[in-house]
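Enquirer: Structure incoming, see below.
The values are calculated or read from the model by the stated rules, or taken from the named source; none is laboratory data. The structure displayed is predicted, hence computed values, not measured ones. No Cβ is skipped: glycine too gets one built from the backbone with ideal geometry, and neighbour counts run over all protein chains shown.
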Ligand SMILES: Cc1cc2nc3c(=O)[nH]c(=O)nc-3n(C[C@H](O)[C@H](O)[C@H](O)COP(=O)(O)OP(=O)(O)OC[C@H]3O[C@@H](n4cnc5c(N)ncnc54)[C@H](O)[C@@H]3O)c2cc1C
């Protein structure tokens, strides 16, 4: 018999909070997420690419595949946590939902939606209890029908408390044509709707310390949301090193918060803001060209820099390599790739 025909079936066992177990046989090449969904188990999920962490599970027997744990913190890895979408088990695995381990849940009400550009809206969400987060982290927003999508926090408040008047969570949402969540959030009747918030998650945020270290922030589109929060957080912590923010769009219509960022630069001598567009024409002060080329023309050597990259997934992944090759240490590069849910 050939090796292929001798391959034994892999069994996935799900243990619930009530300590009940259900076992399923996996199809060849099937991920934990696909198998659970195929058997009617409701698993929150969004990007299906291992980025958003909404389908996080924990292995209690057996080992998740090493590639499914790439990018997780050591503390998560040793606890057996892994995103179910990224794990195609090669041996039997017993799992449970990992939700309670790190992410908290809060109910929120959408209080305001303001237009920031032709396709970006600022969505303000109020929660009854303050949500503790580091500015720049992301949340998974769950609609009442269970639809989940990740959005980064553009607002500022510290885990230690909420400043008066700054207690709403601020998201910047780009409208994706035909997009289920973003079209809904851009709709007229969304104010007053209740949503659930899972998180905060991610390690794209400012950590106080090394105040003189130069900081580079690069993002496109709504990748500005976390960068806007991180830059202001660093400034309010008294960061003294240069903080350089590059925000790119295809053309000027893709930029937003230009006046706010110019005012921030005028108020802080160590903060600079460079709006960039791929295609001209552009107004005075707006650079024309691919954002990576613009950044590296200004800073060809990045040894010693702390770098934050957010937005379009392909660009973030390409930039990660380029800033590493320019000298930034991997441990100093923080990135949130806005991976979109794969089409069905
Ligand atoms: C960690 C993280 C943070 C994120 N933060 C933000 C944020 O701060 N702001 C923000 O606006 N988004 C953010 N996103 C993306 C967000 O989670 C959603 O994917 C996005 O809003 C689209 O969701 P949707 O339900 O509207 O579209 P969907 O219903 O998921 O998509 C509809 C269709 O459009 C396609 N599609 C989706 N996006 C694109 C695209 N860009 N170009 C072409 N086709 C596309 C899909 O493949 C699908 O076929 C983040 C994602 C991650 C993983």
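Enquirer: If you go through region 70-85, how many residues are surrounded by 22 or more Cβ atoms within 10 Å (Cβ to Cβ) and part of a helix (DSSP H, G or I)?
Expert: Here the count works out to 2.
Enquirer: In addition: Can you pull out every residue in region 330-344 that is touching a residue at least 24 places away in the same chain (Cβ under 8 Å) and more than 10 Å from the ligand (Cβ to nearest atom)?
Expert: Listed by number, the residues that qualify are 332, 333, 334.
Enquirer: Can I ask one more? Which condition number does residue 189 fail, the rest of (1) surrounded by 16 or more Cβ atoms within 10 Å (Cβ to Cβ); (2) at pLDDT below 95 being met?
Expert: Evaluating residue 189 over (1) surrounded by 16 or more Cβ atoms within 10 Å (Cβ to Cβ); (2) at pLDDT below 95 leaves (1) as the failure.
Enquirer: Which residue pairs have Cβ atoms under 6 Å apart, sit 6 or more places apart or on different chains, and have a first residue in region 52-63 that is within 12 Å of residue 87 (Cα to Cα) and a second that is within 16 Å of the ligand (Cβ to nearest atom) and assigned to a strand (DSSP E or B)?
Expert: Every condition considered, the pairs that remain are 55/83; 56/83.
Enquirer: Among 289, 327, 304, which is the only one that is more than 23 Å from the chain's Cα centre (by Cα), free of Cβ contacts under 8 Å to residues at least 24 places away in the same chain, at positive phi and away from the ligand (no atom under 13 Å from the Cβ)?
Expert: 289
Enquirer: Go through region 105-125 and give me each residue that's in a strand (DSSP E or B) and closer than 15 Å to residue 172 by Cα.
Expert: Those that are in a strand (DSSP E or B) and closer than 15 Å to residue 172 by Cα: 110, 111, 112, 113, 114, 115, 120, 121, 122, 123, 124, 125.
Enquirer: Quick one: is residue 222 surrounded by 14 or more Cβ atoms within 10 Å (Cβ to Cβ), within 14 Å of the ligand (Cβ to nearest atom) and modelled with pLDDT of 95 or more?
Expert: Answer is yes for this residue.
Enquirer: Moving on to the next point. Would region 174-189 turn up any residue that is touching a residue at least 24 places away in the same chain (Cβ under 8 Å), in contact with a helix residue (DSSP H, G or I) (Cβ under 8 Å, 6 or more places away or on another chain), outside any strand (DSSP E or B) and within 10 Å of the ligand (Cβ to nearest atom)?
Expert: Yes: one or more hits.
Enquirer: Residues in region 210-227 that are part of a helix (DSSP H, G or I) and free of Cβ contacts under 8 Å to residues at least 60 places away in the same chain: how many?
Expert: Selection size over region 210-227: 0.
Enquirer: A further question on this structure: Does residue 253 meet the test of being within 16 Å of the ligand (Cβ to nearest atom), on the phi < 0 side of the Ramachandran plot, at pLDDT below 95 and not in a strand (DSSP E or B)?
Expert: Yes: the conditions hold for residue 253.
Enquirer: Separate question: Would you call residue 294 modelled with pLDDT of 95 or more and crowded, with 21+ Cβ neighbours inside 10 Å?
Expert: Here the answer is no, as residue 294 does not meet what is asked.
Enquirer: Does any residue of region 51-67 turn out to be within 13 Å of the ligand (Cβ to nearest atom), surrounded by fewer than 21 Cβ atoms within 10 Å (Cβ to Cβ) and not in a helix (DSSP H, G or I)?
Expert: no
Enquirer: Still on this model: Filter region 239-250 for residues that are under 16 Å from residue 315 (Cβ atoms) and surrounded by fewer than 16 Cβ atoms within 10 Å (Cβ to Cβ) and give the result.
Expert: 250
Enquirer: If you don't mind, another one. Spot the failing condition for residue 269; the list is (1) exposed (fewer than 14 other Cβ atoms within 10 Å of the Cβ); (2) within 16 Å of the ligand (Cβ to nearest atom); (3) modelled with pLDDT of 95 or more, and only one is missed.
Expert: (2)
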